[in-house]
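Heads up: the structure comes next, in structure tokens.
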Amino acid sequence: MQTAYSVFDGRRFFVPDYQRDYAWTLRDIDQFLSDIEGVLYYEDRHCLGYLITAQMGHDDPTYILDGQQEIITLTMLFANLVGELEDDSLRHVQYATFIKHPLRGRRLQLSSNNHLFFVELPDNKNPTPTSAGQNRLKDAYLHIRLKVQSIKEEGG
């Protein structure tokens, strides 16, 4: 079992074009966030799902074969958490670790029909969805943002 940090550390994830679009509902996201909260407050460890990947060489991208819903949701959570950090240097380090490395690029690249849309979400560019998968991505991102802001307002 790995931590989220060790999963992302130095890796660039790609969701191949043959994978399905983002499919999680807000209920799925709430359950996932509840599981994460359980780990933070109540348990030492908890399995947040399986991640099956393929990588040809050490410096090659890591292709997600299974677990893309979890990685996409984690990335949206990290983007929202990093955006709330007040310390600029810490925000830059965490952004490079989980979102976009200054030299290696984006940590997660979605399939070609969703990548640009996904990139624009955290930049508050308010992209217009053109598919059901993109609608779910936008709904998920905004839902997670509200959850993070609510936790921050409560002093968490």
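Here residue 131 meets the list (1) surrounded by 14 or more Cβ atoms within 10 Å (Cβ to Cβ); (2) within 23 Å of residue 27 (Cα to Cα) almost entirely, failing just condition (1).
Considering segment 35-52, and only residues there that are modelled with pLDDT of 75 or more and in a loop (DSSP other than H, G, I, E, B), the residue that is surrounded by the fewest Cβ atoms within 10 Å (Cβ to Cβ) turns out to be 50.
Give me the pairs: first residue in segment 23-34 and in contact (Cβ under 8 Å) with a residue 60 or more places away in the chain and assigned to a helix (DSSP H, G or I), second residue surrounded by 12 or more Cβ atoms within 10 Å (Cβ to Cβ) and polar (S, T, N, Q), beta-carbon distance under 8 Å, and six or more apart or on different chains, which are they? Listed by first residue and then by second, the contacts come to 29/73.
Pick from segment 1-22 the residues that are aliphatic (A, V, I, L, M) and either at pLDDT below 90 or in a helix (DSSP H, G or I) (or both): which of them is farthest from residue 76 (Cα to Cα)?
To start, the set of residues in segment 1-22 that are aliphatic (A, V, I, L, M) comprises 1, 4, 7, 15.
Restricting the remaining residues to those that are either at pLDDT below 90 or in a helix (DSSP H, G or I) (or both) gives 1, 4, 7.
Working: 1: 22, 4: 13, 7: 15 Å.
Out of the qualifying residues, it is 1.
Just one of the listed residues (38, 105) is small (Gly, Ala, Ser) and closer than 19 Å to residue 148 by Cα, namely 38.
Please enumerate the residues belonging to segment 53-79 that are among the aliphatic types (A, V, I, L, M) and modelled with pLDDT of 90 or more. First the steps, then the outcome.
Taking segment 53-79 first, the residues among the aliphatic types (A, V, I, L, M) are 54, 56, 64-65, 71-72, 74, 76-77, 79.
54, 64, 65, 71, 72, 74, 76, 77, 79 - these are the residues of segment 53-79 that are among the aliphatic types (A, V, I, L, M) and modelled with pLDDT of 90 or more.
The values are calculated or read from the model by the stated rules, or taken from the named source; none is laboratory data. Please read these numbers as outputs of a predicted model, since none were measured by experiment. With ideal geometry, Cβ positions are generated from the backbone for all residues, glycine too; neighbour counts draw on all protein chains shown.
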